[in-house]
1. Determine the gain in length on full extension of the stretch Ser17-Phe97; use 0.36 nm per residue of separation and subtract their C-alpha separation, reporting nm with one decimal.
2. Plugging the Kirkwood radius over Cα pairs into Stokes-Einstein for segment 1-106, at a temperature of 4 °C and a viscosity of 1.567 mPa s, what D comes out in µm²/s?
3. May I ask you to compute the full-extension gain from Lys213 to Lys119, defined as 0.36 nm times their residue separation minus their alpha-carbon distance, rounded to one decimal in nm?
4. Less than 14 Å apart at the alpha-carbon level, and either on another chain or at least 8 residues along: which aspartates and glutamates does that give for Lys132?
5. Go through Lys181/Lys233; Lys212/Lys289; Lys77/Lys150; Lys171/Lys212 and tell me which ones have a Cα-Cα distance over 21 Å in this structure.
6. Percentage of Cα-Cα pair distances in segment 8-49 greater than 17 Å, rounded to whole percent?
7. Mind checking the full-extension length gain between Ser26 and Trp248? Use 0.36 nm per residue of separation minus the Cα-Cα distance, one decimal, nm.
8. Quick check: convex hull over the Cα atoms of segment 173-292, volume per residue in Å³, rounded to an integer?
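The values are calculated or read from the model by the stated rules, or taken from the named source; none is laboratory data. This one's a predicted model, so the numbers in the text were calculated from it and none came from an experiment. No Cβ is skipped: glycine too gets one built from the backbone with ideal geometry, and neighbour counts run over all protein chains shown. Calculation scope for accessible area: heavy atoms of the full protein, side chains included, ligands and nucleic acids excluded. Shrake-Rupley method; radii C 1.70, N 1.55, O 1.52, S 1.80 Å.
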Amino acid sequence: LNVYGQREALIILDNDSMEVYMDNTSENGDLRITGSKLMDQYNQIQAYNKEYEAVLNTTRVQYESLQRNNAQPEELKALETRNNNYLIETQSKIKAFLRAQKPATIVTLYAATALDVNKDFNFLDSAIRDLKQTYPDNDDIISFAEYIGKFGSLRPGAEAPAIEQNTPDGKKLSLASLKGKYVLIDFWASWCGPCRRANPDLVATYAKFKGKKFEILGVSLDKDAAEWKAAIKADKLTWLQVSDLMYWNNAAARTYQVESIPSSFLVGPDGKIIARDLSHTELEDYLTKTLK
């Protein structure tokens with residue numbers, strides 16, 4: 001529903017009657033559609049998202065204030081962790097709500113944008129299969145099913161796609177050459193603040209496990225070679241590094257469906273994916289148990 005090109009609201013049409021309410025006394029006045037089962041479901045998902053957006057906006061203001069006051073990296077990291085925990089909590093609420101809807105409805109398709117396709121793959125894959133049975137001719141569901149399918153090739157147990165790019169000194173290096181080791185593929189960039197703040201933890205992990213069949217392959221989404229090399233030196237990154245200096249068009253990042261950084265994949269000695277985006281603690285716990 002578009003109101004004079006200024007206000008918009010999504011309407012999911014079904015056989016129920018609906019009521020449109022609009023408060024046009026201010027730019028941010030309420031605009032909502034209620035009365036149908038599908039719209040009530042959609043409004044609940046939106047409520048969860050708005051709660052998270054409010055926290056995110058507060059966090060952003062606090063983050064900018066800390067940066068202006070030259071806060072310690074630990075303070076910034078703590079704020080990022082708190083925000084991430086709230087995101088996980090919000091996503092858990094959304095999944096629990098959607099699971100309770102029997103059978104699955106098309107609202108799941110709109111809710112999917114708030115979920116992490118990588119971590120919630122099994123949930124979304126199952127939901128989309130149900131939706132395809134209920135709405136076999138829906139173009140949006142067909143397209144989303146194809147999108148989900150691309151991530152299936154990156155699930156744990158799948159063969160890690162090939163990577164071959166140049167090292168900082170211009171030599172070719174491939175992921176295949178590291179077969180036989182546990183390899184953490186770390187997608188990062190010199191311009192990425194969260195990546196740089198995560199580097200000290202990686203440095204500590206690498207020092208602890210580098211002699212035990214463990215390697216890190218840094219894949220940089222930089223576009224300036226000098227800035228990339230300077231960041232490697234400044235952060236004391238002694239592990240293997242590659243890049244094609246194509247920014248977000250980095251070939252490996254596109255193959256691995258990387259949509260935000262830092263992002264990582266842990267690959268086993270057999271060349272198969274073990275896990276994606278493990279936290280520092282999860283990575284250390286896994287390596288401690290595995291590399292005895």
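1. Result for the pair: 26.5 nm of gain on full extension.
2. 78 µm²/s
3. 31.2 nm
4. Reachable aspartates and glutamates: Asp140, Glu146.
5. In this structure, Lys181/Lys233; Lys77/Lys150; Lys171/Lys212 lie more than 21 Å apart at Cα.
6. Of all Cα-Cα distances in segment 8-49, 31 percent exceed 17 Å.
7. Going from the current span to full extension adds 76.0 nm.
8. Dividing the Cα hull volume of segment 173-292 by its residue count gives 96 Å³.
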